[in-house]
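The values are calculated or read from the model by the stated rules, or taken from the named source; none is laboratory data. Small disclaimer: the values here were computed from a predicted structure and weren't measured. FYI the Cβ positions are ideal-geometry reconstructions off the backbone, even for glycines, and counts take in every protein chain you see. SASA here: full protein model, heavy atoms, side chains in, ligands and nucleic acids out. Shrake-Rupley method; radii C 1.70, N 1.55, O 1.52, S 1.80 Å.
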Amino acid sequence: MLIYLPIAEMAVPADTIFVVSAIVGVLSGIFGIGGGFLTTPFLIFSGIPPAIAVGTQSTQLVASSVAAVFGHWSKGNVDVKIGSVMMVGGLVGSILGTFVFMLLESIGQIDFVISVLYIILLGVIGFLMLFETASSFFMKKKAMRSEFNAMRVPTFIAKLPYKMRFPRSKLYISALVPGGIGFIGGLLASVLGIGGGFLLVPAMIYILRMPALLVAGTSLFQMIFTTAIATIMHAVANNTVDVMLALVLIVGGVLGAQIGVSVSKYVRGRVARLMMALIVLGVCVQMIGHLFIEPADLFSIAIW
Amino acid sequence: MKKTYLAAAFSVMLAVSIPAFAQSGGILTVDFAKSHVDITTDFGGESIYVFGTKNQPGDIVVVLEGPRKDMTVRRKSQVLGAWMNRQSVTFRNMPNFYSFAASKEIDKIAPAAVLEKHDIGLENIHTDIRNAERINPSDKNLFIEALLRNKRAQNLYAEEGAKIEFLNKDFFKVSFFLPANVPVGDYTLKSYFIRNGQVYDVKTNTMRVAQVGLSSRINGFSKQQSFIYGVLCVALAVFSGWVSGRLRRQV
């Protein structure tokens, strides 16, 4: 069923997009991920211009992050203070990211850069997840945790200025660290159309050393604002947020997430994380293929 | 009396002997059946019809051109194994849509020089390349071919899509098909009357392809009030997320 998108000024198969968005939603409900890294490449590969895909997917990520943050918020598992510092970084990152995106588009390199960034991110995160899951099968969890706590905070982080107290996370750390993490998250959200959760969560655990309980909720809190800023920036700077496409993605994603959340009780943690790692690596391999295999037509056109 | 007859006879002779080009107002009459294409949410393409008459024997070529835009064609080459865009050629003022129909094959209607002068036929369109001096002539043809190939693949340069049908000796009907991805804007129809390889009459009509109704209001709003539009999209997303989150808690 073709729907003509008012902003993109093209017709797209709304039924296919809805189904894919719902499937990604199910995965997001089960694994607690945003799913942007799955949906955005899919939209681009379906022929939707990258600018529209990234701008509109950011809108959908706002919806899925808001929906997901509820559970954590009600349990009080959100460190608003540190989340806010990250948000400030995210704001700057999102704005800069939008300009970077526009620049890359004008020189015709946006597809290439998006592919490379996805490959790097998904590859690194995918392997880390795989490693973590595989090793948890073999090592005793207790041993890993204590070994981990014994690692000191790298000295250069401890020496950074602008230290602040974050009582909820029981941290006394330079504001530049969460700010910097938020900045990178915002940059990537604007350029890649992802929420960044799969980056924020490890960064918060390993770099900030936040208590595990607060990580999921706080990262979602930060993601809501980062993706919202990315949406507004893309709308204002590029006029590439298509509300009709966003509606299809949101409804699909939200319905899928409902199903995913109800199903998630039946999926065991370790198995779930392994599957997630494999999905991430699968998308990474697909993007590598797309980049290194000779395309059918070496020529492409852009219209001004 | 004799003088009047003589004058009349002389004028008729004069009129008939002057090449038909001098009476260029009179040979062709052409118009669209409908001069606007309205795009709504369920737009999947549309056929448009043109009707016309000619009052002399000769050939007809009807060309429909979409808005003119600058187009950059980029070629990928391998860098360390990865394919990325390297070389690019920008063509100025190319039609975003092009289709034509003719009463016979165009190379049998007029010589190449005439076709090129009027941009009749895809291979004959004038190309205005930015920084043309920097580009290899052999590359230039490759890029032009790539442009045509790309647009043909999107059905936006469609030579086969248009048909001309003569309802009687002088009355013709042309149909063009506009695909779902047709660009919005003002389209120009140029109808040529050609005899003995020369153009004796040209008629120009315009048509507008635009979104209407809700789609067009949304589009306009997103351009004029882009910030508020962005905020409203975010608000829509937040609301949807809120509803979903609340529902989830009750599950």
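Before moving on, here are some points about what is shown:
Results for (1) without any contact (Cβ under 8 Å) to a residue 12 or more places away in the chain; (2) within 14 Å of another protein chain (Cβ to nearest Cβ), shown as yes or no for each residue.
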position	(1), (2)
B:T41	no, yes
B:G66	no, yes
B:D70	no, yes
B:S77	yes, yes
B:W83	yes, yes
B:Q87	no, yes
B:R92	no, yes
B:Y98	no, yes
B:K108	yes, no
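- Under the condition of being in contact (Cβ under 8 Å) with a residue 24 or more places away in the chain and facing chain B (nearest Cβ under 8 Å), the residues counted in segment A:237-254 number 8.
- Here segment B:130-152 is the region considered, the condition is being among the basic types (K, R), free of Cβ contacts under 8 Å to residues at least 40 places away in the same chain and under 18 Å from A:L298 (Cα atoms), and the residue that is nearest to the other protein chains (Cβ to nearest Cβ) is B:R149.
- Conditions (1) within 14 Å of chain B (Cβ to nearest Cβ); (2) surrounded by fewer than 21 Cβ atoms within 10 Å (Cβ to Cβ): number failed by A:I279: (1)
- Checking A:I229 against (1) open to solvent by 40 Å² or more (accessible area, probe 1.4 Å); (2) more than 17 Å from the chain's Cα centre (by Cα), the condition it does not meet: (2)
- B:L115 being of a type in the set (A, V, I, L, M), outside any loop (DSSP other than H, G, I, E, B) and open to solvent by 20 Å² or more (accessible area, probe 1.4 Å): no
- B:A153 vs. criteria out of contact with any helix residue (DSSP H, G or I) (no Cβ under 8 Å at 6 or more places or on another chain) and either more than 23 Å from B:K54 (Cα to Cα) or not acidic (D, E) (or both): yes
- Residue among A:L91, A:L104 that is within 14 Å of chain B (Cβ to nearest Cβ), under 30 Å from A:A212 (Cβ atoms), surrounded by fewer than 24 Cβ atoms within 10 Å (Cβ to Cβ) and not polar (S, T, N, Q): A:L91
- Hey, A:I184 open to solvent by 20 Å² or more (accessible area, probe 1.4 Å), within 30 Å of A:Y162 (Cβ to Cβ) and touching a helix residue (DSSP H, G or I) at 6+ places or on another chain (Cβ under 8 Å) or not: yes
- Of note, A:T240 does not satisfy the criterion of being at pLDDT 90 or above and in a helix (DSSP H, G or I).
- Of the numbered criteria (1) surrounded by fewer than 22 Cβ atoms within 10 Å (Cβ to Cβ); (2) over 14 Å from the mean Cα position of the chain (by Cα); (3) part of a helix (DSSP H, G or I); (4) more than 14 Å from chain B (Cβ to nearest Cβ), the one A:L121 fails is (2).
- Out of A:H234, A:H290, one residue alone is open to solvent by 10 Å² or more (accessible area, probe 1.4 Å), under 23 Å from A:V12 (Cα atoms) and either part of a helix (DSSP H, G or I) or at the interface with chain B (Cβ under 8 Å from one of its Cβ atoms) (or both). It is A:H290.
- Options A:L214, A:L245: the member that is in contact with a strand residue (DSSP E or B) (Cβ under 9 Å, 6 or more places away or on another chain) and open to solvent by less than 10 Å² (accessible area, probe 1.4 Å): A:L245
- All conditions but one from (1) under 30 Å from B:A112 (Cβ atoms); (2) touching a strand residue (DSSP E or B) at 6+ places or on another chain (Cβ under 9 Å) apply to B:N196; the one that does not is (2).
- Filtering segment A:31-68 to residues that are within 13 Å of chain B (Cβ to nearest Cβ), open to solvent by 10 Å² or more (accessible area, probe 1.4 Å) and within 21 Å of A:Y266 (Cα to Cα) leaves A:G32, A:G34, A:A68.
- Identity of the residue in segment A:255-274, open to solvent by 30 Å² or more (accessible area, probe 1.4 Å), touching a residue at least 12 places away in the same chain (Cβ under 8 Å) and among the hydrophobic types (A, V, I, L, M, F, W, C), that ends up farthest from the other protein chains (Cβ to nearest Cβ): A:L274
- Of everything in segment B:220-235 that is more than 7 Å from every other protein chain (Cβ to nearest Cβ) and in a helix (DSSP H, G or I), the residue that is surrounded by the fewest Cβ atoms within 10 Å (Cβ to Cβ) is B:Q224.
- Filter result for A:L27 (open to solvent by 10 Å² or more (accessible area, probe 1.4 Å) and away from chain B (no Cβ under 14 Å)): yes
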